[in-house]
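Enquirer: Please find one structure pasted underneath; my questions will follow.
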Amino acid sequence: MRETPLSNCERRFLLRAVREGKRLDGRQCYDYRNVRISFGPDRGCCVVELGRTRVLGQVSCELVPPKPNRATEGILFFNLELSPMAAPGFEPGRQSELLVKLNRLIERCLRNSKCIDTESLCVVAGEKVWQIRVDLHLLNHDGNIIDAASIAAIVALCHFRRPDVSVQGEEVTVYSPEERDPVPLSIHHMPICVSFAFFQQGTYLLVDPSEREERVMDGLLVIAMNKHREICTIQSSGGIMLVMDQVLRCSKITAVKVAEITELIQKALENDQKVRKEGGKFGFAESIPNQKITAFKMESAAVDTNNVEEQAEEIITKADPPSEVFATPILHAPGTAQIGEGIENSWEDLEESEREEEVEEEGESEAATSECQRMETEDTSTISKAKDEPIVLSDSEEEEVVILEPQEVPNKTRTQTTSKQENTSKKTFNKRRRKKRAAR
């Protein structure tokens with residue numbers, strides 16, 4: 001399923017907002033969205049939220065033979081997945097051009113920058129090394145996937161602990177967490193990506209573009225940097241020509257943003273480590289008491305309940321006494337009434353012409369009812385006369401005489417006929433009244 005294209009009106013609106021220095025979410029041109037980090041119950045699992053863009057990071061490890069040309073170095077493997085759960089435009093099981101570009105950029109940012117000491121992952125040179133695998137899953141797409149993915153990857157690597165091992169001769173022993181404490185990875189620095197969107201051939205610049213802003217941008221510049229102001233990688237896409245001053249300005253902005261995000265990551269790691277040592281609830285378990293799976297723990301607000309009765313009495317004494325005058329309801333029409341004080345309302349007050357029509361309709365219904373009653377009395381008298389006088393049939397030769405008496409007609413039939421006629425007349429009256437109300 002392809003993503004829904006933007007209409008011309010939306011495109012013009014977004015470009016005009018960029019020219020005026022405004023953004024849909026209320027940010028300024030150089031503002032970064034809020035970054036939230038939460039950890040799972042296991043080591044190496046984290047969820048990073050960049051605005052409404054959410055990425056889940058999970059780190060795992062296993063012992064494997066090393067590469068022939070690097071016998072004393074461990075292996076780092078990164079994998080980013082874009083599923084339809086994040087956005088309907090992503091197709092499952094297909095390597096799109098965007099996915100290939102994002103995976104290459106993450107590898108250049110984290111593996112080629114030598115942020116992790118791969119030699120410390122070697123167990124037996126040329127035989128066994130640790131392979132560290134980082135799986136990134138995009139949970140929700142709202143723009144700037146690369147920044148959220150790079151933060152999730154480095155946070156998961158810092159939070160991960162590998163099992164401890166020992167080598168005795170040719171025997172390699174892997175210890176469980178109960179036997180020995182797991183060992184953290186040796187991380188030299190934390191490279192973080194910052195994205196810049198350019199509009200109208202580099203005239204306008206936005207930091208951390210959203211999903212709609214990415215659709216109308218002319219080019220994208222991604223700079224990966226650590227807190228020591230060292231550029232780890234830089235990539236420009238979109239076919240725009242950037243001058244040196246623009247790149248230098250973006251690098252200065254990147255240095256500020258990376259310092260802020262690095263400090264946030266370190267605080268999140270310290271808080272998680274502190275909570276784990278205390279034995280309290282940590283990771284995703286914090287959201288279970290709030291009955292919200294995707295929610296974060298919120299601080300409970302204190303409510304002062306002291307002197308509540310005294311405050312209530314003061315409010316009652318200061319309040320004005322209730323008025324003793326009660327407004328009587330004014331009946332305008334059957335089934336209606338006026339509530340409240342003020343000028344008399346004429347709602348549902350029928351006009352003279354409507355009253356005359358209603359009187360005529362009532363007269364017609366009464367005439368129909370009287371006619372039905374008259375017909376019923378005539379039928380009853382006819383039946384009674386026929387009952388008193390028997391019918392005598394005889395032939396000309398006077399051989400046999402047969403006397404036929406009429407059967408009694410049940411009263412239910414006459415009563416049902418009368419009730420049906422009354423119902424018909426009432427329905428006719430109601431239909432006329434509804435048509436007149438609709439015409440008004």
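Enquirer: Output the number of the condition that CYS46 fails; it satisfies all remaining conditions of (1) outside any strand (DSSP E or B); (2) touching a helix residue (DSSP H, G or I) at 6+ places or on another chain (Cβ under 6 Å).
Expert: (1)
Enquirer: If I ask for residues that are of a type in the set (S, T, N, Q) and within 30 Å of the chain's Cα centre (by Cα), which ones from the stretch 179-214 would you list?
Expert: SER195, SER210
Enquirer: Taking the stretch 185-218 on its own, how many of its residues are more than 30 Å from GLY44 (Cβ to Cβ), touching a Pro at 6+ places or on another chain (Cβ under 9 Å) and not charged (D, E, K, R)?
Expert: Residues in the stretch 185-218 being more than 30 Å from GLY44 (Cβ to Cβ), touching a Pro at 6+ places or on another chain (Cβ under 9 Å) and not charged (D, E, K, R): 3 in total.
Enquirer: Looking at the structure I just gave you, is ILE151 surrounded by fewer than 23 Cβ atoms within 10 Å (Cβ to Cβ) and either touching a residue at least 12 places away in the same chain (Cβ under 8 Å) or closer than 23 Å to THR262 by Cβ (or both)?
Expert: No.
Enquirer: Among LEU63, LEU76, which is the only one that is in contact (Cβ under 8 Å) with a residue 60 or more places away in the chain, in a strand (DSSP E or B) and either touching an Asp or Glu at 6+ places or on another chain (Cβ under 8 Å) or within 28 Å of VAL167 (Cβ to Cβ) (or both)?
Expert: LEU63
Enquirer: Which one of these is of a type in the set (Gly, Ala, Ser) and more than 16 Å from CYS158 (Cα to Cα): GLY74, GLY44?
Expert: When all the criteria are applied, what remains is GLY74.
Here is a yes/no grid of residues against (1) acidic (Asp, Glu); (2) touching a Gly at 6+ places or on another chain (Cβ under 6 Å); (3) at pLDDT 90 or above:
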| position | (1), (2), (3) |
| --- | --- |
| PHE78 | no, no, yes |
| PRO84 | no, no, no |
| GLU91 | yes, no, no |
| VAL100 | no, no, yes |
| ASN103 | no, no, yes |
| LEU121 | no, yes, yes |
| ALA125 | no, no, no |
| ARG133 | no, no, yes |
| LEU139 | no, no, yes |
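Enquirer: All but one of (1) over 23 Å from LEU82 (Cα atoms); (2) at pLDDT below 90 hold for SER237; which doesn't?
Expert: Of (1) over 23 Å from LEU82 (Cα atoms); (2) at pLDDT below 90, only one is false for SER237: (1).
Enquirer: Output the residues belonging to the stretch 1-30 that are touching a strand residue (DSSP E or B) at 6+ places or on another chain (Cβ under 8 Å) and either without any contact (Cβ under 8 Å) to a residue 24 or more places away in the chain or open to solvent by 60 Å² or more (accessible area, probe 1.4 Å) (or both).
Expert: ARG19, TYR30, listed by residue number.
Enquirer: Is it the case that the stretch 88-99 has a residue that's part of a loop (DSSP other than H, G, I, E, B), within 15 Å of LEU136 (Cβ to Cβ), open to solvent by 10 Å² or more (accessible area, probe 1.4 Å) and in contact (Cβ under 8 Å) with a residue 24 or more places away in the chain?
Expert: For the stretch 88-99, residues part of a loop (DSSP other than H, G, I, E, B), within 15 Å of LEU136 (Cβ to Cβ), open to solvent by 10 Å² or more (accessible area, probe 1.4 Å) and in contact (Cβ under 8 Å) with a residue 24 or more places away in the chain: present.
Enquirer: So which pairs qualify, if the first residue must be in the stretch 190-207 and free of Cβ contacts under 8 Å to residues at least 24 places away in the same chain and open to solvent by less than 10 Å² (accessible area, probe 1.4 Å), the second must be among the small types (Gly, Ala, Ser) and part of a loop (DSSP other than H, G, I, E, B), the Cβ gap must be under 7 Å, and the two must be at least 6 apart or on different chains?
Expert: none
Enquirer: Now a separate question. Which numbered condition in (1) on the phi > 0 side of the Ramachandran plot; (2) of a type outside the set (Ser, Thr, Tyr); (3) out of contact with any strand residue (DSSP E or B) (no Cβ under 8 Å at 6 or more places or on another chain) is the only one that ASP42 fails?
Expert: So the condition that ASP42 fails would be (1).
Enquirer: May I ask you to list the residues in the stretch 166-198 that are of a type in the set (A, V, I, L, M, F, W, C) and at pLDDT below 90?
Expert: VAL167, VAL172, VAL174
Enquirer: Sticking with this one: What are the residues in the stretch 100-138 that are closer than 29 Å to PRO84 by Cβ and open to solvent by less than 20 Å² (accessible area, probe 1.4 Å), if any?
Expert: If the condition is that a residue be closer than 29 Å to PRO84 by Cβ and open to solvent by less than 20 Å² (accessible area, probe 1.4 Å), then LEU102, LEU105, ILE106, CYS109, LEU110, ILE132, VAL134, LEU136, LEU138 are the ones that fit.
Enquirer: What do you reckon, is ASN144 in contact with a Pro (Cβ under 9 Å, 6 or more places away or on another chain), surrounded by 15 or more Cβ atoms within 10 Å (Cβ to Cβ) and under 30 Å from GLY238 (Cα atoms)?
Expert: Judged against the criteria, ASN144 is a match.
Enquirer: A further question follows. Quick one: how many residues across the stretch 36-60 are farther than 16 Å from ALA148 by Cβ and open to solvent by 20 Å² or more (accessible area, probe 1.4 Å)?
Expert: Of the residues in that region, 4 qualify.
Enquirer: Does the stretch 246-270 hold any residues that are open to solvent by 40 Å² or more (accessible area, probe 1.4 Å) and touching a Gly at 6+ places or on another chain (Cβ under 7 Å), and which are they?
Expert: none
The values are calculated or read from the model by the stated rules, or taken from the named source; none is laboratory data. Fair warning: this is a prediction, and the values are worked out from it, not measured in the lab. Glycine gets a Cβ as well: all are built from the backbone with ideal geometry, and neighbour counts include every protein chain shown. Protein only, heavy atoms only, side chains kept; ligands, DNA and RNA dropped before computing areas. Shrake-Rupley method; radii C 1.70, N 1.55, O 1.52, S 1.80 Å.
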